[in-house]
Amino acid sequence: MDDADEHLAGEDELLVRWLSGGRPGTREGTEVYFRHCIEQWASRGPLRAFGIRVAAESTLAGYIDLRFEMAGLVPGQVNISYGLYRAWRGQGLVTRAVRLICQYAAAEGATQGVIRVDPENSRSAAVARRSGFSYDKRVPEADGNQCDWYVRSLAYGVDLAIM
């Protein structure tokens with residue numbers, strides 16, 4: 001809960017557009033979501049959320065999460081979502097976070113990572129490609145929007161951070 005204010009302060013129009021369905025976050029909604037994330041960790045649920053921090057300052061720079069269960073995924077696939085606050089973009093932080101979370105996902109039994117990107121979000125697609133993901137297909141989402149799927153094989157014991 002200590003990160004709620006920092007998270008809300010970092011939210012901008014791009015994060016709202018690409019990750020929040022066009023609705024800015026509220027303190028109450030953020031706390032509900034954070035509690036859900038905490039519960040998921042405690043129960044080893046299908047959602048694992050991480051903060052992206054800048055080590056020198058321990059500043060929250062963004063977030064990344066895994067969803068081991070999600071509509072459209074097949075067994076072994078894990079969805080990866082990420083967002084970085086404006087001040088920290090363009091420094092390679094999300095690419096590094098994706099590579100690290102791929103290691104974690106593989107250790108948890110995932111065999112393929114999936115990054116779903118709105119076709120207009122070229123920066124997120126570039127992160128996927130820099131992280132070793134390849135374009136797979138365009139999929140209609142439940143809300144009627146299209147999503148490009150980028151996929152990458154995950155193998156436990158392989159150093160996915162440097163691939």
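For a quick check, take a GNM of the chain with Cα springs below 10 Å and name the residue from 117, 127, 74 with the largest mean-square fluctuation. Greatest mean-square fluctuation among the candidates belongs to 74.
Could you give the semi-axes, largest first, of the ellipsoid that matches the chain, computed as the square roots of 5 times the alpha carbon gyration tensor eigenvalues and rounded to whole Å? Walk me through the numbers on the way to the answer.
Details: eigenvalues 102, 69, 60 Å².
Taking √(5λ) for each eigenvalue gives 23, 19, 17 Å, largest first.
With θ taken as phi - 60° and the Karplus curve 6.51 cos²θ - 1.76 cosθ + 1.60 applied, the whole-hertz 3J(HN,Hα) list for segment 121-130 is 8, 5, 5, 5, 4, 5, 4, 4, 5, 5 Hz, x standing for glycine and proline.
Based on the alpha-carbon gyration tensor of segment 88-155, what equivalent-ellipsoid semi-axes (square roots of 5 times the eigenvalues) come out, in whole Å, largest first?
Values: eigenvalues 82, 54, 17 Å².
Result for segment 88-155: semi-axes of 20, 16, 9 Å.
Largest GNM mean-square fluctuation among 148, 136, 65, using the chain with Cα springs under 10 Å: 136. Each principal axis of the Cα cloud of segment 64-116 was taken in turn, and the coordinate range along them, longest first, works out to 36, 22, 11 Å.
We did not get these values from a lab; they are worked out from the coordinates using the rules stated. As the structure is a prediction and not an experimental result, all values here were calculated from the model.
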